[in-house]
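A.B. asks: Got a structure for you, questions after.
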Amino acid sequence: MRESAEAKLLRLTQIEETLWAQGLRVAGIDEVGRGPLAGPVVTACVCIPKDRLLPGVDDSKKLSEKRREALYPLLLQAADYARTAFVPPEVIDEMNILNATKTAMEECAAGFDGLFLVDAVTGLHLPGEVRSIVHGDALSYMIGAASIVAKVERDRYMVELDAQYPQYGFARNKGYGTAEHIAALKAYGPCPAHRRSFIGKILGGGV
């Protein structure tokens, strides 16, 4: 039986409801792009007041591109805090993807005053209490909203990058290691958008 929009909203706000009942202001933080061979890792921190919640929010991976794009401007309009942060490939190579993700999360959260719900990542230095939730993007409305904002912004960036380096198919693969992308990488070598620390084995260490 398909879950109704109302039932989904109730399910995804159970964690938030407990915190709101304590008078807390709650934001969600999530990342997109830890696994790709190219492009930045992008994080978002989003807080939407209880009286402005939108139906249809979910883990961004469960939503179509069309649905994410439709929700994106509505989420930004409803939010009383929404900020993204990008960490580029050269910094990912320098500090590793986990530390780059943490850096981006700390940057996007820097202006928020309240409690942070974070998808799985621990050890963050944020200006408020942090609660790390495994599979949080599927369990928390705020983390799901953050995942949508981060996903839309990263996907749009990769489409722009495709115009600069069309041979890799970034508009289609968003930098992930698809067969098409790997074949292009072997044929043309890396571009500045590639993460050198991710592609060494693919190119036999020749990066």
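The values are calculated or read from the model by the stated rules, or taken from the named source; none is laboratory data. Just so you know, these numbers come straight off a predicted model, no measurement behind them. Don't worry about glycine lacking a Cβ; one is built from the backbone with ideal geometry, like all the others, and counts go over all protein chains shown. Just the protein is used for accessible areas: all its heavy atoms, side chains included, with ligands, DNA and RNA removed. Shrake-Rupley method; radii C 1.70, N 1.55, O 1.52, S 1.80 Å.
A.B. asks: Condition (residue is part of a helix (DSSP H, G or I) and open to solvent by 30 Å² or more (accessible area, probe 1.4 Å)) applied to the stretch 115-128: is it met by at least one residue?
C.D. replies: no
A.B. asks: Can you find a residue that is over 24 Å from the mean Cα position of the chain (by Cα) and of a type in the set (D, E, K, R) anywhere in the stretch 9-23?
C.D. replies: Checking the stretch 9-23: not a single residue is over 24 Å from the mean Cα position of the chain (by Cα) and of a type in the set (D, E, K, R).
A.B. asks: Out of ARG11, ARG83, report the one residue that is buried (at least 17 other Cβ atoms within 10 Å of the Cβ), of a type in the set (Lys, Arg) and at negative phi.
C.D. replies: On the way: ARG11 fails: buried (at least 17 other Cβ atoms within 10 Å of the Cβ).
Just a single option satisfies the conditions, and that option is ARG83.
Residues checked against (1) more than 30 Å from ARG196 (Cα to Cα); (2) open to solvent by less than 70 Å² (accessible area, probe 1.4 Å):
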{"position": "GLU6", "(1), (2)": "yes, no"}
{"position": "GLN22", "(1), (2)": "yes, no"}
{"position": "ARG25", "(1), (2)": "yes, no"}
{"position": "THR43", "(1), (2)": "no, yes"}
{"position": "LEU53", "(1), (2)": "yes, yes"}
{"position": "SER60", "(1), (2)": "no, yes"}
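A.B. asks: Kindly list the number of the only condition in (1) touching a Phe, Trp or Tyr at 6+ places or on another chain (Cβ under 7 Å); (2) surrounded by fewer than 19 Cβ atoms within 10 Å (Cβ to Cβ) that fails for PRO73.
C.D. replies: Among (1) touching a Phe, Trp or Tyr at 6+ places or on another chain (Cβ under 7 Å); (2) surrounded by fewer than 19 Cβ atoms within 10 Å (Cβ to Cβ), PRO73 violates only (1).
A.B. asks: Looking only at the stretch 109-123, which residues are closer than 23 Å to GLY23 by Cα and not aromatic (Phe, Trp, Tyr)?
C.D. replies: ALA109, ALA110, GLY111, ASP113, GLY114, LEU115, LEU117, VAL118, ASP119
A.B. asks: Let me ask you something else. Against the conditions (1) in contact with a strand residue (DSSP E or B) (Cβ under 6 Å, 6 or more places away or on another chain); (2) buried (at least 23 other Cβ atoms within 10 Å of the Cβ), where does PRO36 fall short? Just the number, please.
C.D. replies: Here PRO36 clears every test but (1).
A.B. asks: Right, next: Run down SER60, SER64 and say which single residue is without any contact (Cβ under 8 Å) to a residue 60 or more places away in the chain and within 29 Å of LEU98 (Cα to Cα). Even if it seems obvious, please write down each step before you answer.
C.D. replies: Numbers: SER60 fails: without any contact (Cβ under 8 Å) to a residue 60 or more places away in the chain.
Of SER60, SER64, the one residue that is without any contact (Cβ under 8 Å) to a residue 60 or more places away in the chain and within 29 Å of LEU98 (Cα to Cα) is SER64.
A.B. asks: Now for a different question. Which of the residues belonging to the stretch 86-114 are closer than 24 Å to LEU24 by Cα and either open to solvent by 20 Å² or more (accessible area, probe 1.4 Å) or in a loop (DSSP other than H, G, I, E, B) (or both)?
C.D. replies: LYS102, GLU106, GLU107, ALA110, GLY111, PHE112, ASP113, GLY114
A.B. asks: May I ask you to verify whether SER132 is touching a Ser or Thr at 6+ places or on another chain (Cβ under 8 Å), open to solvent by less than 30 Å² (accessible area, probe 1.4 Å) and hydroxyl-bearing (Ser, Thr, Tyr)? Outline the logic, then answer.
C.D. replies: Details: touching a Ser or Thr at 6+ places or on another chain (Cβ under 8 Å): yes; open to solvent by less than 30 Å² (accessible area, probe 1.4 Å): no; hydroxyl-bearing (Ser, Thr, Tyr): yes.
No: the conditions fail for SER132.
A.B. asks: Same structure, new question: Could you tell me whether the stretch 17-25 includes any residue that is under 18 Å from SER132 (Cβ atoms) and small (Gly, Ala, Ser)?
C.D. replies: no
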